[in-house]
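Notes follow once the structure below has been shown.
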């Protein structure tokens, strides 16, 4: 017998001046179901969530029902909450300087004695009981939120909406809740989501990470250009089919064809016995125009290797040669002077200035050459920014727009453009598609290929095993700070990467496809 959906959306359209953000979208979410919502940036996912939450008013004709009860159009955030809908956004809505207990009390007030004295022990017990119900008794109610890990903060935000004082939660929507989480903490988030679903709550899970969608969801709805492509049982799809539904074209066009550089290409980078804090005795070499991948599990040392080569971290021992010349790089300025580019893993805090404009971020490394007699030639600087926006297909094409207002994919294209337009000798790219939708990924892959074809050597550090198999000429697998295998040709598969990432034994195979380190 079919249960009544916790959420029914029918014929939802949302238009803005000059733009149709959503067109005639309908979907259902069942009790206890984790329902995936996927699509490229600009597909309408965030607009749909904002219409449900009362932030945007849908156009006339839309109908939203929660537990069979129709919501008025327009409705407010308070009306959405009263109907039993709760929303967890990327910023979580927590105050870092307050304790977990104090964050729980925000919006509902405190239990008091004689009208003014807060019952702190009772508040702490209630907070602890709810965290325990979600399987996290180790989170201390008195601890400040800023002292928690990102996963713990997300769990606090989720548990907070299930307090007894508020209306019962029927629907929980999480918008890119895992985007800031390291791999090791994603499973903690999944446990909290499953705990909510086990209570009979319907969950909408918005994510660019398709592997999460397959692991967590029962049903997935695909949006493209504001329209619903369809809702599918997740078990009936594979990742390739889902990508094709999202991007609207065959998967063959998703990855660019990567040619192997000629064997007579000059050796670009030669690393011998490089050692840092986690990295131990790493040796490898790469040629000009080659794309070499470095991968491994979290903590394998792959990101530290990037920092050591760029001078963001000083090595303990080892040597580095660039184009046959020994180099000592002890700070990023040394690396930049030698034509080394570095796109860090966290583009928001380490790869950009969020409050500056797109144009300012794009031209930051070039600004010195636009000074003449201590006067900055702003017109030429703007011309360069406009050229890069067009060349790297950055949207919207507005150099004066603040960087933080761009989508994740376009932010990443700005960071890449800042470095790659300089045609670096060596480009070190650490997780260049982290938190980026599949459409923007295809654009970034095109940029990486173009940089290699122009002669740059690309060291691509990534935890996306399938991606680096398609993009790289060779891949080095790291484990516990060492390179345990180098894979190429037919041996370059995600299955072999996983095998060497987890195996305690380095291969003794002398075949060219697997080289013991």
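Brief remarks follow.
- Hey, residue 349 in a loop (DSSP other than H, G, I, E, B), free of Cβ contacts under 8 Å to residues at least 24 places away in the same chain and farther than 24 Å from residue 411 by Cα or not: no
- Selection count, the stretch 256-280, where residues are part of a loop (DSSP other than H, G, I, E, B) and either touching a strand residue (DSSP E or B) at 6+ places or on another chain (Cβ under 6 Å) or more than 20 Å from residue 492 (Cβ to Cβ) (or both): 9
- Residue within the stretch 335-344 that is under 24 Å from the mean Cα position of the chain (by Cα), in a loop (DSSP other than H, G, I, E, B) and within 27 Å of residue 439 (Cβ to Cβ) present: yes
- Residue tally, condition surrounded by 23 or more Cβ atoms within 10 Å (Cβ to Cβ) and either assigned to a strand (DSSP E or B) or outside the structural domain of residue 460 (by TED's automatic domain parsing) (or both), over the stretch 291-319: 6
- Near pairs, Cβ below 6 angstrom, 6+ apart or cross-chain, from the stretch 83-99 (at positive phi) to any residue that is part of a strand (DSSP E or B) and surrounded by 13 or more Cβ atoms within 10 Å (Cβ to Cβ): 84/66
- Enumerated strands (runs of 3 or more DSSP E) restricted to the stretch 18-66, each holding at least 1 residues that are under 17 Å from residue 84 (Cα atoms), in contact with a helix residue (DSSP H, G or I) (Cβ under 8 Å, 6 or more places away or on another chain) and modelled with pLDDT of 90 or more: 34-38, 63-66
- Given (1) under 27 Å from residue 45 (Cβ atoms); (2) surrounded by 14 or more Cβ atoms within 10 Å (Cβ to Cβ), number of the condition residue 370 does not satisfy: (1)
- All positions within the stretch 23-34 that are at negative phi and surrounded by fewer than 24 Cβ atoms within 10 Å (Cβ to Cβ): 23, 25, 26, 27, 28, 30, 31, 33
- Failed criterion for residue 330 (all others in (1) closer than 16 Å to residue 271 by Cβ; (2) in contact with a helix residue (DSSP H, G or I) (Cβ under 6 Å, 6 or more places away or on another chain); (3) surrounded by fewer than 17 Cβ atoms within 10 Å (Cβ to Cβ) hold): (2)
Rundown of residues vs (1) surrounded by fewer than 17 Cβ atoms within 10 Å (Cβ to Cβ); (2) at pLDDT below 85; (3) touching a strand residue (DSSP E or B) at 6+ places or on another chain (Cβ under 6 Å), yes/no style:
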position	(1), (2), (3)
86	no, no, yes
93	yes, yes, no
103	no, no, no
107	yes, yes, no
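- Of 440, 452, all but one fail to be closer than 27 Å to residue 255 by Cβ, in contact with a strand residue (DSSP E or B) (Cβ under 8 Å, 6 or more places away or on another chain) and part of a helix (DSSP H, G or I); the exception is 452.
- Residue selected from the stretch 281-290 under the condition in a loop (DSSP other than H, G, I, E, B) and surrounded by 17 or more Cβ atoms within 10 Å (Cβ to Cβ), by the criterion nearest to the chain's Cα centre (by Cα): 290
- Unmet criterion (only one of (1) crowded, with 20+ Cβ neighbours inside 10 Å; (2) at pLDDT below 90) for residue 459: (2)
- In this entry, residue 244 is excluded by the filter for residues that are over 30 Å from residue 337 (Cα atoms) and either in a loop (DSSP other than H, G, I, E, B) or within 19 Å of the chain's Cα centre (by Cα) (or both).
- Only residues that are surrounded by 21 or more Cβ atoms within 10 Å (Cβ to Cβ), part of a helix (DSSP H, G or I) and within 14 Å of the chain's Cα centre (by Cα) were counted across the stretch 398-437, and they come to 5.
- Pick from the stretch 9-22, criterion over 26 Å from the mean Cα position of the chain (by Cα) and surrounded by 21 or more Cβ atoms within 10 Å (Cβ to Cβ), ranking: farthest from residue 192 (Cα to Cα): 14
The values are calculated or read from the model by the stated rules, or taken from the named source; none is laboratory data. Source: prediction; values computed, not measured. Every residue, glycine as well, gets a Cβ built from its backbone with ideal geometry; the counts of neighbours run over all protein chains shown.
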